[in-house]
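Okay, so here's the structure we're looking at.
The values are calculated or read from the model by the stated rules, or taken from the named source; none is laboratory data. The model shown is predicted, which means the values in this text are computed figures rather than measured ones. So basically every Cβ, Gly included, is an ideal-geometry build from the backbone, and we count neighbours across all protein chains shown. Side chains included, ligands, DNA and RNA excluded: accessible areas come from the protein's heavy atoms. Shrake-Rupley method; radii C 1.70, N 1.55, O 1.52, S 1.80 Å.
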Amino acid sequence: MAIVALEGLMVAAALIGLIVLGVKVRKLKKSHRQLVGETGVPKLEEVMESLHRKLGETSARQDELEARQNKQDKRLTALKGRIGVHRFNAFADTGSDLSFSVAIVNDQQDGVVITGIHSREQAFLYAKPLDKGQSAYMLTPEEKTAINQALQKE
């Protein structure tokens, strides 16, 4: 009788052990499913290889995007974008600041300066190209002021 009770106790202990192991296996399966996800790859090694490959592709794409961004940054600084406007009275008889100089320059001080001279009877408009802040044409003090204003802007 004692042997039967002992065998029953062992069977109960084995049954409890099987239940505990079943719960642990279910938890492991759930963790494995979360780790593997929707990759469609059942083996963890293949998942790691797939992730490594995708990481390499992502890194290459990031390098490509950084190169493109650097190219765009260089192109952007070459664009004419800083503007300086200086109004002035070119003639004593006009009574107002009707004349002007407008400078449009980039970071390399390349661009153009446009000057409009207005009098009572006529108006003149001049455009002078800029290369590194200098022009092949003589710059007036007003044009230099407009260039300096443009260069001081961020």
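Structural remarks
- Lys, Arg +1 and Asp, Glu -1 on Cβ, resulting dipole of segment 64-147 about Cα centre, debye, nearest 20: 180
- Percentage relative contact order, the chain, counting C-alpha pairs under 8 Å, at least six apart: 17
- 26 Å Cα-Cα reach of Lys43 towards lysines, excluding residues that sit fewer than 8 places from it in its own chain: Lys24, Lys27, Lys29, Lys30, Lys54
- With the charge dipole of segment 60-133 set up from +1 on Lys and Arg Cβ and -1 on Asp and Glu Cβ about the Cα centre, the Cα lying farthest toward the positive end among the listed residues Leu65, Gln108, Pro129 is that of Leu65.
- Under 20 Å from the Phe91 label point (7 Å along Cα→beta-carbon), backbone N, segment 112-146: 115-127, 140-143
- For segment 100-154, the direction-averaged projected area of the alpha-carbon convex hull comes to 3.6 nm².
- Overall, the chain carries a charge dipole of about 740 debye about its Cα centre when +1 sits on the Cβ of Lys and Arg and -1 on the Cβ of Asp and Glu, all other atoms neutral.
- Descending principal axes extents, segment 80-132, alpha-carbon based, whole Å: 38, 15, 13
- Contour minus Cα-Cα distance for Lys27 and Ala123 (0.36 nm per residue): 25.8 nm
- With every protein chain in place, the chain: carbon and sulfur % of accessible area (1.4 Å): 60
- Label point distance in nm, Lys71-Tyr137, each placed 7 Å from Cα along Cα→Cβ: 3.6
- If R0 equals 30 Å, the separation of the Cβ atoms of Asp63 and Ile19 corresponds to a calculated FRET efficiency of about 0.05.
- The chain pair-distance distribution - Cα-Cα, 5 Å bins, rounded %: 2, 8, 10, 9, 7, 6, 5, 4, 4, 4, 4, 4, 4, 4, 4, 4, 3, 3, 2, 2, 2, 2, 1, 1, 1, 0, 0
- Cα-based reach from Lys132 at 19 Å (exclusive), listing lysines while leaving out same-chain residues under 8 positions away: Lys74, Lys80, Lys144, Lys153
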